[in-house]
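Asker: Next up is a structure, given as C-alpha cells.
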Amino acid sequence: MNICVIPARGGSKRIPRKNIKKFAGKPIIEWSISAAKKSKCFDRILVSTDDEEIANFSESVGAEVPFKRPADLSEDFTPTADVVRHAIEFSKFPDISQVNVCCLYATAPFTTPSDIRESLLILNSSICDFVLAVTSYAFPIQRALAIDKLNGSLKMREPGEFSSRSQDLDKSYHDAGQFCWGKAEAWILTNDPFKNITLPYNLPRFRVQDIDTAEDWHRAELIHKAFYE
C-alpha cells in the first residue's frame, strides 16, 4: 500500500497563507495533489492540516482530510517527521510493514508524476528506508567563503582547498524540499532519515526552488513561466 501525506498547516509566517496562495493560476497545494493523483501510485492521498479552508479546498480537488492536525503538531518548529508519524498512526494500518509513505510538500509545484513513480521504484527495488529528492549545489561547497564577524574580511571555510580545481572536488547535494518516500516503519521510528539507509533521487537544479520568502515565490513563478508556460 502506498500513501501520500501532504503537510499543509495554516499558520505560515513569512508568506501568509502560503499553502493555499495562488501559484501560476491555482492554489499551490493543488499542484502537489494533482501530481500525486496523476502518478497513480497512491491508494490514499492525505492532507494533514489544522486549517479549515485548506481542508475544504484539498477535499474539493480529490485529497482526503480524515483528521484535523493537533495544535501541538502545527507549530513553527514541528518536525515534518512528527506530522507524517501522526498521519500513519491515525490511519491504523493493519500491517504497517506493507505500507510506503511519501511526504510530499504542499509547496512543490515542480514535482512531476514521473518523479513520484521513479523514486518509488528506487524504494521498492533497493535495501533502503528512505528515498529523498535532492539536487546538487551549483558550486563546490569545499570552496565556500565566510565573512569574518570581527573585521568583515573574507576567509575560506576550507582553506586547504584553495588550490583545488572545482572539477576535482566531489559534488555535494541538498534536500530539494519536494518529497521523501519512506517505509512506514522507518517514519515511525526516526526523525532523522540520515540515521537510516537513505538513497537519493536526483533532480535537475532548474526544477528546484525552496519557497520560504516572497523572493523565493517570485523566482519560482519566473521559473514556472520560463519552462512550463
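Asker: Confirm whether SER58 is part of a helix (DSSP H, G or I), buried (at least 20 other Cβ atoms within 10 Å of the Cβ) and out of contact with any helix residue (DSSP H, G or I) (no Cβ under 7 Å at 6 or more places or on another chain).
Answerer: Details: part of a helix (DSSP H, G or I): yes; buried (at least 20 other Cβ atoms within 10 Å of the Cβ): yes; out of contact with any helix residue (DSSP H, G or I) (no Cβ under 7 Å at 6 or more places or on another chain): no.
Against the criterion (part of a helix (DSSP H, G or I), buried (at least 20 other Cβ atoms within 10 Å of the Cβ) and out of contact with any helix residue (DSSP H, G or I) (no Cβ under 7 Å at 6 or more places or on another chain)), SER58 does not qualify.
Asker: Determine the pairs where a residue that is on the phi < 0 side of the Ramachandran plot, located within segment 209-223, has a partner that is open to solvent by 70 Å² or more (accessible area, probe 1.4 Å) and among the basic types (Lys, Arg) with Cβ atoms under 8 Å apart, the partner being 6 or more residues away or on another chain.
Answerer: GLN209/ARG219; ASP212/ARG14; THR213/ARG14; ALA214/ARG14; TRP217/LYS21
Asker: Among the residues of segment 162-177 satisfying the criterion of being farther than 10 Å from GLN142 by Cα and of a type in the set (S, T, N, Q), which is most open to solvent (accessible area, probe 1.4 Å)? I'd like the intermediate steps shown before the answer.
Answerer: Filtering segment 162-177 down to residues farther than 10 Å from GLN142 by Cα leaves 163, 165, 167-168, 173-177.
Of the ones still in play, those that are also of a type in the set (S, T, N, Q) are 163, 167.
Working: SER163: 103, GLN167: 131 Å².
Step by step, filter segment 162-177, then rank; the result is GLN167.
Asker: Based on what the data block shows, is SER48 open to solvent by 20 Å² or more (accessible area, probe 1.4 Å) and among the polar types (S, T, N, Q)?
Answerer: no
Asker: Restricting attention to segment 109-147, and to residues there that are touching a Lys or Arg at 6+ places or on another chain (Cβ under 6 Å) and free of Cβ contacts under 8 Å to residues at least 24 places away in the same chain, which single residue is nearest to GLU185 (Cα to Cα)?
Answerer: ALA144
Asker: Looking only at segment 194-206, how many residues end up being in contact (Cβ under 8 Å) with a residue 24 or more places away in the chain and either open to solvent by 30 Å² or more (accessible area, probe 1.4 Å) or assigned to a strand (DSSP E or B) (or both)?
Answerer: Matching residues across segment 194-206 total 9.
Asker: Quick check: is even one residue across segment 1-12 free of Cβ contacts under 8 Å to residues at least 40 places away in the same chain and over 18 Å from GLY177 (Cα atoms)?
Answerer: Taking every residue of segment 1-12 in turn, none turns out to be free of Cβ contacts under 8 Å to residues at least 40 places away in the same chain and over 18 Å from GLY177 (Cα atoms).
Asker: Here is a further query. Give the residues of segment 1-47 that are of a type in the set (S, T, N, Q) and under 13 Å from VAL101 (Cα atoms), sorted by residue number.
Answerer: Result: ASN2, single match.
This table checks each residue for (1) assigned to a loop (DSSP other than H, G, I, E, B); (2) modelled with pLDDT under 95; (3) among the polar types (S, T, N, Q); (4) closer than 18 Å to VAL5 by Cα.
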residue	(1), (2), (3), (4)
ALA81	no, no, no, yes
HIS86	no, no, no, yes
PHE90	no, no, no, yes
ALA108	yes, no, no, yes
ARG117	no, no, no, yes
ILE127	yes, yes, no, no
PHE139	yes, yes, no, no
ALA146	no, no, no, no
LYS149	yes, yes, no, no
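Asker: Could you list, in sequence order, the residues of segment 154-189 that are assigned to a loop (DSSP other than H, G, I, E, B) and closer than 24 Å to THR107 by Cβ?
Answerer: Selection gives SER172 alone.
The values are calculated or read from the model by the stated rules, or taken from the named source; none is laboratory data. Treat the numbers as computed from the prediction; the structure is a model and nothing was measured. Using ideal geometry, Cβ is built from the backbone for each residue, glycine included, and neighbour counts are taken over all protein chains shown. Calculation scope for accessible area: heavy atoms of the full protein, side chains included, ligands and nucleic acids excluded. Shrake-Rupley method; radii C 1.70, N 1.55, O 1.52, S 1.80 Å.
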